[in-house]
Amino acid sequence: MSVKAYIAPVVDSTAIFKEGLFNGKVLFCTGGGSGICKEMTRAVMRHGANAVILGRKIDRLTASAEELSKDTGKTCVGIQADVRQPKTLHDAVAKTIEKFGRIDFVICGAAGNFLAPISGLSENAFRTVIEIDTLGTYNTIKATLPHVRASKGSYIHVSATLHYKGTPYQAHVSAAKAAVDATSAVLAVEEGPHGVRSNVIAPGPIAGTEGMDRLGTKGKAGETAVTAMPAGRMGDVRDIANTAVFLFSDAAAFITGQVLVVDGGSEHLRTTQ
Ligand code: HXC
């Protein structure tokens, strides 16, 4: 008799957490125009928050902000900014305060990635990813911290699991994300006494994201990987969104300085090939 493999359910956070959980709160999300960060924003808005999403592509931001506002009944504003340029972030923070009066939650999610071996990676290519992921995180923290202190708010940094081992062709991202994890831990320790929490979400393979596409996981190799996943499926953007809702909520009030791996158990999987 064959046993049907278990497949973990995918749920919306509104099925678990109450709708008005984040009423009156404001989210500031870099990289919020698409992918994981857009879905994190959608979930936080569904629980009552207004949001500002930031990115370099204004057309995509405007379309996403409109869609998120329509979908959630809250207000989302898209502001063009490059996390490598602190002035654009300071200007965006000023606009956020002018519009909403506060910042409670920050998602540092802007990131860059491509596959390249160290031998084929130019100095500028390595520096570019460090500047987007690591410096971009630092710049976002610097620009928002006074307001997050004022609201006794919370940070979520979007990292990865690539740097726990030697992942080929990912030296630039591995170095950048290791630094993000470390920065978050220090932020948690320094700002805890001011009422600010800081945590990292480390997503595993999440279907349909630009990151997965760029890592070339489409096709047969991707399908084989899924059958071996302890959760029985690829990650869904809602898995990460639900984690963000939990971490921003007071249910996580005693959780700070942590890295939460959300990967369906794949980090612990050792294949025999
Ligand atoms: C080698 C490359 C390259 C590639 C770019 N470069 N792509 N080198 N292989 N595939 C080099 C360029 O030649 C250049 O170096 C340098 O990188 C900078 O490239 P630009 O195109 O000038 O930079 P920019 O326009 O700022 O673009 C940044 C980018 C780009 C990171 C290169 O890919 C980008 O904007 N990405 C944002 C979207 C994205 O990547 N999202 C996915 C994130 S997912 P030279 O020497 O020629 O000047 C993620 C999750 C990871 O991070 C974990 C997944 C599990």
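The values are calculated or read from the model by the stated rules, or taken from the named source; none is laboratory data. Computed from a predicted model, the values in this text were never measured in an experiment. Glycine gets a Cβ as well: all are built from the backbone with ideal geometry, and neighbour counts include every protein chain shown.
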Item checked: Meets criteria (assigned to a helix (DSSP H, G or I), on the phi < 0 side of the Ramachandran plot, away from the ligand (no atom under 15 Å from the Cβ) and within 21 Å of the chain's Cα centre (by Cα)) for residue 135 -> no
Check: residue 167 is checked against (1) of a type in the set (Val, Ile, Thr); (2) assigned to a loop (DSSP other than H, G, I, E, B); (3) over 27 Å from residue 126 (Cα atoms) and fails just one. What number does that condition carry?
Finding: (3)
Check: Residues that are surrounded by fewer than 24 Cβ atoms within 10 Å (Cβ to Cβ): which strands (runs of 3 or more DSSP E) entirely in the stretch 1-107 hold 2 or more of them?
Finding: 76-80
Notebook entry, point to check: Got a number for residues in the stretch 108-132 being surrounded by fewer than 16 Cβ atoms within 10 Å (Cβ to Cβ), within 23 Å of the chain's Cα centre (by Cα) and part of a helix (DSSP H, G or I)?
Noted result: 2
Note to self: Can you list residue pairs whose Cβ atoms sit under 8 Å apart, with the first residue in the stretch 115-136 being at pLDDT 95 or above and the second being among the polar types (S, T, N, Q) and within 8 Å of the ligand (Cβ to nearest atom)? Count only pairs 6 or more apart in sequence or on different chains.
What the structure shows: 115/170; 129/113
Checklist line | Residue within the stretch 198-207 that is over 18 Å from the mean Cα position of the chain (by Cα) and of a type outside the set (D, E, K, R) present | finding: no
Check: How many of the residues making up the stretch 143-162 are more than 15 Å from residue 31 (Cβ to Cβ) and assigned to a strand (DSSP E or B)?
Finding: 1
